[in-house]
Amino acid sequence: MSWNTGEGFFDADVPHLNAIGMLSLRKNRTMRSGLNLCFTVAAAAAIALPASDALAKRLPPADVPPVVDGNVRYEAPHAAVENPCGQNGGCVVAYDNTTNTVLWWVKVYCTHYDPGLEEDVQDVFITSLAVKNGQVLVSNEKGQQFSIDPATQQVTGDPRGCDDGGRGGCAFPPTRVLPSAFWSMAVLSGLGLATILLSRRRR
């Protein structure tokens, strides 16, 4: 007499085949349990990763309108790839307004990054430019106020975080770190693999 368990056919008259069938059944159940765990881990990571990235990201800064004084145009390009300061935010560039030639540039303040945090949430961008009494006035997202002397490019005002006497600048680029959700996914995946291996050893 034989019957179908859904995992295979068993024959009551052939004991050794039954034993093989039972081993196959346990193996299939173990593999299914391991795969289910891996799928659960992957699904949880897929949900956690976008959430982590969403929390880490910030909205792009608003463009700062250029300011023209005489024949000089002052701009505050935000991105490090667009400005000569090598830093996101804090850069003011002076142009000849007729020829668009760069006259000079200044890193108004220096942003110091914590390598344990996402870079973009630490960027500090300029929010306004103005010219008053021959000085270029700069404000940033932290509410700091600075003044640039166009003749000497010296920066005064709130603490800048730069050790250059007011000219140029210093930036400390952050070390890129993987999102915490990545490490959570890696740990959970490792646990799932360990469960499968342990189950196989116990057979």
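Using +1 on the beta carbon of Lys and Arg, -1 on that of Asp and Glu, and nothing else charged, what's the dipole of region 67-157 about the Cα centre, debye to 20?
Details: 4 positive and 11 negative charges, 82 e Å.
So the dipole magnitude of region 67-157 works out to roughly 400 debye.
Given the Cα-Cα distance of ALA130 and ASN97 and 0.36 nm per residue of separation, how much length would full extension add, in nm? All intermediate terms of the calculation are to be shown ahead of the outcome.
Details: separation 33, 0.36 × 33 = 11.88 nm, distance 1.59 nm.
Net length gain for the segment: 10.3 nm.
So between ARG58 and THR156, what do we pick up on full extension, going 0.36 nm a residue minus the alpha carbon distance?
Working: separation 98, 0.36 × 98 = 35.28 nm, distance 2.89 nm.
Stretched fully, the ARG58-THR156 segment lengthens by 32.4 nm.
Please report Rg over Rh for region 67-157, where both radii come from the alpha carbon positions and Rh follows the Kirkwood definition.
Details: Rg = 13.3 Å, Rh = 13.5 Å.
With Rh from the inverse mean 1/r over Cα pairs, Rg/Rh is 0.98.
Which peptide among 64-70, 81-87 comes first, and what is the full order, when sorted by highest mean count of other Cβ atoms within 10 Å? Display every interim value, and only then the final one.
Working: 64-70: 13.9, 81-87: 16.0.
Answer by packing, highest mean first, reads 81-87, 64-70.
No lab work stands behind these numbers, since they all come straight from the coordinates. Computed from a predicted structure; not experimentally measured. In this analysis, Cβ positions are derived from the backbone assuming ideal geometry, glycine residues included, and neighbour counts consider all displayed protein chains.
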